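S.K.: Provided herewith is a single structure, encoded as structure tokens, for subsequent inquiry.
The values are calculated or read from the model by the stated rules, or taken from the named source; none is laboratory data. What you see is a predicted model; the values in this text were computed from it and never measured. We place every Cβ from the backbone using ideal geometry, glycine too, and count neighbours over all the protein chains shown. These area figures cover heavy atoms from the full protein model, side chains too; ligands, DNA and RNA do not enter into them. Shrake-Rupley method; radii C 1.70, N 1.55, O 1.52, S 1.80 Å.
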Amino acid sequence: MKRVLLRNMDTPNSRELDVYISSGGYSALRKAYSMSPSEVTEEVIKSGLGGRGGAWYPAGKKWQASRETNKTPRYLVANADEGEPGTFKDRAFLEKDPHMLIEGMLIAAYAIGAKQGYIYVRGEYPEGARVMEAAIRQAEERGCLGSNILGSGNNFYLKVYRGAGAYVCGEDSALIESIDGSRGHCRSKPPYPAAVGLFSMPTVVNNVETLVNVPHIIERGAQWFASIGSPKHPGPKIFCLSGNVRRPGLYELPTGTVLHTLIYRYGGGMRAGKKLKAVLPGGISTSLLTSERLDVRMDVDDLAAAGSSMGSGGVIVMDDDVCMVHAAKRAAKFFAHESCGKCTPCREGTKRMHEILERITDGSGRESDLELMRELGEGIQETSLCGLGGSCANFILSTLKYFRHEYLMHIHGTACPEKAA
Ligand SMILES: Cc1cc2nc3c(=O)[nH]c(=O)nc-3n(C[C@H](O)[C@H](O)[C@H](O)COP(=O)(O)O)c2cc1C
């Protein structure tokens, strides 16, 4: 597939507005301004664009819901928090193609009726935040952003908001709290941000990758987008391939690409002499797939049927040197550290989960710990306030399901695959 989203990544000076314009930039915005806001929204609904931040909620439907509140002001936020381990696609746009994001936001803002937007950039991406700020200045100076955009009479003002490095602030309601000036704690939903968001007003939060698709949908039409990849969740998708493969990196491929193709044809397969042991198809919040499931298509429904999920497309490949118990412990440590602490199941449960895994890797675990972990993990998933608790046990419980023997090896003091390697 010819690259659409990543097409400017290798172009020299791709951050510059002139370079973006010379590759066709801002023609989609002109076209959008010749349509009514509801026509733009309809086109995005017809395209089937699903949110690339992990939940795959239809973007156009979210825009419509915020507009239908009839409350103003409405806000638009680009979620560039990108905290999911294994995901590094949004960074590429911030640092190398900032104007594609700005154009996507301008079109979305027009459809929603938002005059103010924010780009929420994670604290660990200072370069991305700096490049975005420079691009915003450039777009304002050239009449592509701010007041009377391209002489159309439309206004849209954009600001970069830097996060402080908390994973939970990628969750849309915690992100809103953070911009609002409060602690990054998730909110109980409903109401959803599209109805009650930033400053209690309707707010659309979309992932960076979702937004960069928008100019291409307007330019080429909904039908073009809908014909790429899986019929129910179509379009180009950026997969972040990492771990023990020969060629890690970003790969733009149609949704529905077979996992084996991604790892072996594009990623060059495993490092020399190593066998694939497990894959996390959507970051560490998803359940692992074993080597028998590489025939799965990278599609929301197919991955759900295989017992996992697509998440935001962070494909982490693990070879047979990786001890699944240690990998689970590292994930548990991450979630215990990143829990915002607002709800008890997640605040306490993630810590207890980490303690149990530490006990097992220290050699003082018991067989009964395995059942305790399962009960605890399922309890956190079912009773937590937000998706952090809802998904934190996926990977850990899947290691227990597929690699129970490795837990027993630790508990009974026999070999650990990582120490043996
Ligand atoms: C703990 C947690 C972290 C999240 N982190 C991100 C993130 O870094 N970037 C992102 O776009 N969405 C993230 N999300 C999903 C957002 O809540 C939200 O669904 C998304 O930004 C909506 O955009 P989309 O519809 O375009 O995907 C996260 C969700 C949870 C529960």
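S.K.: Given a 10 angstrom Cα cut-off, can you work out which residue in 207, 394, 70 is the most mobile in a GNM of the chain?
M.R.: Residue with maximal mean-square fluctuation among 207, 394, 70: 70.
S.K.: Between residue 337 and residue 155, what is the spin-label point distance in nm, taking each point 7 Å from the Cα along the Cα→C-beta axis?
M.R.: 4.4 nm
S.K.: So what is log10(I(q)/I(0)) for segment 324-420 at q = 0.11, 0.21, 0.25 1/Å, when the Debye sum runs over its Cα atoms only?
M.R.: -0.28, -0.95, -1.27
S.K.: What spacing in nm lies between the two simple spin-label points modelled at residue 261 and residue 359, each 7 Å away from Cα in the Cβ direction?
M.R.: 4.7 nm
S.K.: A follow-up question, please. Using 0.36 nm per residue of separation minus the Cα-Cα distance, give me the extension gain between residue 368 and residue 164 in nm, one decimal.
M.R.: Separation in residues times 0.36 nm, less the Cα-Cα distance, equals 69.5 nm.
S.K.: Out of 79, 206, 154, any idea which swings most in a Gaussian network model of the chain, alpha carbons joined below 10 Å?
M.R.: With Cα springs under 10 Å in the chain, the top fluctuation among 79, 206, 154 is at 154.
S.K.: Cα to Cα, under 14 Å, and not fewer than 8 places away if on the same chain: which aspartates and glutamates meet these conditions relative to residue 62?
M.R.: Answer for residue 62, where 14 Å is the Cα cut-off: 42, 43, 172, listed by chain and number.
S.K.: Of 96/237; 274/333; 115/232; 89/277; 31/89; 61/342, which ones are farther than 21 Å apart at the Cα?
M.R.: From 96/237; 274/333; 115/232; 89/277; 31/89; 61/342, over 21 Å: 274/333; 115/232; 89/277; 31/89; 61/342.
S.K.: Something else now. So how exposed is residue 335, as accessible area in Å² (1.4 Å probe, rounded to 10)?
M.R.: Number for this one is 0 Å².
S.K.: Keeping all protein chains in position, work out how much accessible area residue 261 exposes to a 1.4 Å probe, and write it in Å² to the nearest 10.
M.R.: The accessible area comes out at roughly 30 Å².
S.K.: Evaluate the distance, in nm, between pseudo-label points positioned 7 Å from the Cα of residue 137 and of residue 412 along their respective Cα→Cβ axes.
M.R.: Label-label distance for residue 137 and residue 412, simple model: 6.5 nm.
S.K.: If each DSSP helix of 4+ residues adds -39,500 (n - 2.57) and the sum is divided by the residues in the chain, what number results at 222 nm, nearest 500 deg cm²/dmol?
M.R.: The helix contribution divided over the chain gives -12500 deg cm²/dmol.
S.K.: Among the complete DSSP H segments of the chain, which ones combine at least 18 Å of alpha-carbon extent along their axis with a mean Kyte-Doolittle hydropathy of 0.5 or more?
M.R.: Those that clear 18 Å and a mean of 0.5 are 98-112.
S.K.: Continuing with this model, one more query. Arrange the residues 110, 266, 157, 120 by how much accessible surface each exposes, largest first, with a 1.4 angstrom probe.
M.R.: Descending accessible area places them as 157, 266, 110, 120.
S.K.: For the chain, report the accessible area per residue in Å² (1.4 Å probe, heavy atoms, rounded to an integer).
M.R.: Normalised by residue count, the accessible surface of the chain is 39 Å².
S.K.: Once you compute Rg and the Kirkwood Rh from C-alpha atoms, what is the Rg to Rh ratio for segment 1-141?
M.R.: Taking Rg over the Kirkwood Rh, I get 0.95.
S.K.: Could you order 339, 38, 22 so the one with the most accessible surface comes first? Probe is 1.4 Å.
M.R.: Putting 339, 38, 22 in descending order of accessible area: 22, 38, 339.
S.K.: In addition: Need one value: the accessible area of residue 322 in square angstrom, 1.4 angstrom probe, rounded to the nearest 10.
M.R.: 20 Å²
S.K.: For residue 319, which sequence-distant residues (separation of 5 or more, or a different chain) have an amide H within less than 5 Å of its own amide H, given hydrogens modelled in the peptide plane?
M.R.: 244, 277
S.K.: So, one more: At a 1.4 Å probe radius, which order do 210, 11 fall into by accessible area, largest first?
M.R.: Putting 210, 11 in descending order of accessible area: 11, 210.
S.K.: Determine the gain in length on full extension of the stretch residue 320-residue 189; use 0.36 nm per residue of separation and subtract their C-alpha separation, reporting nm with one decimal.
M.R.: Gain in length upon complete extension: 43.1 nm.
S.K.: Given Cα positions, please report Rg to Rh for segment 17-226, the hydrodynamic radius being the Kirkwood one.
M.R.: Reported Rg/Rh, Kirkwood definition of Rh: 0.93.
S.K.: For the chain, modelled as a Gaussian network with Cα springs under 10 Å, which listed residue fluctuates most, 408, 288, 388?
M.R.: 408
S.K.: Within the P(r) computed for the chain, what percentage of the Cα pairs occupies the region above 38 Å?
M.R.: Cα-Cα pairs of the chain separated by over 38 Å account for 22 percent.
S.K.: Distance between the C-alpha centers of segment 113-165 and segment 349-411? Whole Å please.
M.R.: The two parts, judged by their Cα centres, are 42 Å apart.
S.K.: Which trypsin sites (Lys or Arg not before Pro) does segment 28-122 hold that lie in a coil by DSSP with at most 14 other beta carbons within 10 Å?
M.R.: Counting only loop positions with at most 14 other Cβ atoms within 10 Å, the trypsin sites (Lys or Arg not before Pro) in segment 28-122 are 71.
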